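The values are calculated or read from the model by the stated rules, or taken from the named source; none is laboratory data. The structure displayed is predicted, hence computed values, not measured ones. Every residue, glycine among them, receives a Cβ derived from its backbone with ideal geometry; neighbour counts consider all protein chains shown.
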Amino acid sequence: MEGAGEEARPVLLPPVQELAGQLGAAADVPARYVARAGAGNDDDRKATETALVPAIDLARLCQPGGDGGAADEASKLRLALQSWGLFLVTNHGMEASLMDAMMDASREFFRQPLQERQKHSNMIDGKHFQIEGYGNDWAPSESEEQVLDWTDRLYLKVEPQEDRKLDLWPTCLRDVLHEFTTGCTRVKDCLLPEMAKLLELDDGYFIDQFGGKADAYARFSYYPPCTRPDLVFGLKPHSDGTFFTLLMVDNSVGGLQVLRDGVWYDVPTRPHTLLINLGDQIEIMSNGIFKSPVHRVVTNAEKERLSVALFYSIDPEREIQPADKLIDENHPALYKKVKIKEYIAGLYEHVARGEMVIETAKI
Ligand SMILES: O=C(O)CCC(=O)C(=O)O
Ligand SMILES: [Fe+2]
């Protein structure tokens, strides 16, 4: 970070999309995008195995009365939450046509000329960074220290609805994003009681923890092809600072990988399923029983890739800690109390430095 009293100066960077377009096949990738060796980043980005993450049938899991296979789905879900921290969701109630429309609309946005995309910029007057909008992630200074990701993104707050900054929402995706968010929030609302039950907490435990001012952000990520996928990251290794993240990934181009026991695995894609990725908030509240997995995105030499993520978080003004019921003399608290707002602020700084913010919450 910058010296005391000096505000971190954001940097206006060209979109990676334009950079990728200018690079010839033989050109060097700019140094700021090349991950340094030695920090666990010096592999060739190739995973040899695919993660066997289970697919959970949401309608079966959440059916009233809990018979007809709900117990089978719940036990699959428990295993997924304790091991990968990832699972696929089928039968989630969202129309395939809505999911396709969301993907098409985000593709349409990134295909627009730069001038159009920049009408939604995350840099106010080219100087001040705001979280929402189109552009790169926060790059706090000109320092060469921070390795940049090979991605551009559009980041929008979708909940609470009254906080939406609709002027930042491109018209091509405005209506469909509203529908898509409604579908994802329904999935979230079905899952929260099921996850609480798996920990033998009250059904409403996580719903109460979320609070009335919980927020959700949508992130549309565009990963241009890169001539040297072995040198860069679409997204550096990180865990999400959320409660959980709902992801819709490109059906045809993989790239998401998850770390387990020191080994990187490819995360499978399946048309019209959602992928749910647990975040640090549920790891803390479950006292580490559920895992917030470290994951990364690798790039592709030929193909662009798109993903749409919905980040669900507890009310930023609240504090979280491991649930009382999960703590006793044999199971001491493994995490400190953290204020969501401060945790998320710390997340941006840690990600910029290539570090994991969850380490700061561990006792
Ligand atoms: O693009 C993806 O598949 C994953 C995105 C992701 O991990 C994130 O935005 O936090
Ligand atoms: Fe992530």
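The table below lists the values:
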item: Count of residues meeting criterion [within 12 Å of ligand 1 (Cβ to nearest atom) and either farther than 24 Å from Asp152 by Cα or of a type outside the set (A, V, I, L, M, F, W, C) (or both)] in region 269-299; result: 9
item: Every residue from region 307-325 that is surrounded by fewer than 20 Cβ atoms within 10 Å (Cβ to Cβ) and either near ligand 1 (Cβ under 10 Å from one of its atoms) or free of Cβ contacts under 8 Å to residues at least 60 places away in the same chain (or both); result: Glu319, Gln321, Asp324
item: Selection count where residues are within 11 Å of ligand 1 (Cβ to nearest atom) and surrounded by fewer than 22 Cβ atoms within 10 Å (Cβ to Cβ), scope region 215-234; result: 2
item: Within region 235-285, tally of residues that are among the aliphatic types (A, V, I, L, M), away from ligand 2 (no atom under 16 Å from the Cβ) and at pLDDT 95 or above; result: 2
item: Residue among Asp203, Asp167 that is of a type outside the set (Gly, Ala, Ser) and farther than 20 Å from Ala216 by Cα; result: Asp203
item: Single unsatisfied condition, Gly93 versus (1) surrounded by 15 or more Cβ atoms within 10 Å (Cβ to Cβ); (2) in contact (Cβ under 8 Å) with a residue 24 or more places away in the chain; result: (1)
item: Strands (runs of 3 or more DSSP E) lying entirely in region 238-339 (those with 2 or more residues that are in contact with a His (Cβ under 8 Å, 6 or more places away or on another chain) and of a type outside the set (Asp, Glu)); result: 256-260, 274-278, 295-297
item: Residue list for region 320-343, restricted to those being more than 15 Å from Gly279 (Cα to Cα) and touching a helix residue (DSSP H, G or I) at 6+ places or on another chain (Cβ under 7 Å); result: Ala323, Lys336
item: Residue among Asp208, Asp163, Asp189, Asp202 that is in contact (Cβ under 8 Å) with a residue 40 or more places away in the chain, farther than 29 Å from Glu304 by Cα, acidic (Asp, Glu) and loosely packed, with under 15 Cβ neighbours inside 10 Å; result: Asp163
item: Check on Glu283, under 23 Å from Leu259 (Cβ atoms) and acidic (Asp, Glu); result: yes
item: Any hit, region 211-230, residues being among the charged types (D, E, K, R) and outside any loop (DSSP other than H, G, I, E, B); result: yes
item: Qualifying residues in region 158-208 (those that are acidic (Asp, Glu) and part of a helix (DSSP H, G or I)) - the one modelled with the lowest pLDDT; result: Asp167
item: Residue within region 41-50 that is part of a loop (DSSP other than H, G, I, E, B), in contact with a Phe, Trp or Tyr (Cβ under 8 Å, 6 or more places away or on another chain), modelled with pLDDT of 90 or more and among the aliphatic types (A, V, I, L, M) present; result: no
item: Residue tally, condition surrounded by 14 or more Cβ atoms within 10 Å (Cβ to Cβ), among the polar types (S, T, N, Q) and in a helix (DSSP H, G or I), over region 96-127; result: 2
item: Counted residues, region 344-363 - those being touching a helix residue (DSSP H, G or I) at 6+ places or on another chain (Cβ under 7 Å), in contact (Cβ under 8 Å) with a residue 24 or more places away in the chain and assigned to a helix (DSSP H, G or I); result: 4
